[in-house]
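Where a number appears in this text, it was derived from the coordinates with a stated rule and is not lab data. Since we're looking at a predicted model, the values are computed, not measured. Here the Cβ positions follow ideal geometry from the backbone for every residue, glycine too, while neighbour counts run over all protein chains shown.
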Amino acid sequence: MVTPTPSAAPTPPASGTTPLEEELLRLAGSVPDPELPMVSLAELGVMRGLRLLGPGRVEVELTPTYTGCPALESMATDIERVLHDHGVPEVAVHTVLSPPWTTDAISAEGRRKLAESGIAPPAPRRAAAGGPVPVALAVRCPHCGSTETELLSRFSSTACKALRRCTACGEPFDHFKEL
């Protein structure tokens, strides 16, 4: 069951965690995203943390790609199943909304897998401290590499993606929107 905790701070990554917590976080993070099964929840960057609360009791913090994401319940159920299968009888998955998830959380491996699957990954949006915010002027076709693409629909198979077409090779493709 997913329990919202909108103002909770994310659990710090691996530093200060036990080897067991790190292993359980790795297992929970290996769960495939239900809408983008080519990437894991860790690669998508939605795993915020995991705490061992006591013998057989674990709390997982998960941030949806956007508030109201319909895949959240499925993610939580899949995390619970994986951890139950590895001997953890009590698993609580909490939703953390602050700070919000952004596409900068997608790992390099996740971006590579999206592109390999025909989905144009979002451009990195992180700006250097105090520097200008990068602006992407083109979306690269994951099939031929051309930047000559056009928007067909602001929404595709999920609300996180837009439908585009490459004018060079003629192939349609999903583009994971920058957030």
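Structural remarks
- Sorted peptide list for 110-118, 51-59, criterion being average Cβ within 10 angstrom, highest first: 110-118, 51-59
- Amide hydrogen neighbours beyond the local backbone of R48, cut-off 5 Å, H modeled: E61, L62, T63
- Principal axes of the range 25-179: Cα extent on each, largest first, Å: 57, 37, 25
- Peptides 142-155, 78-91 ranked from most to least packed give 78-91, 142-155, packing being the mean of other C-beta atoms within 10 angstrom over each peptide's residues.
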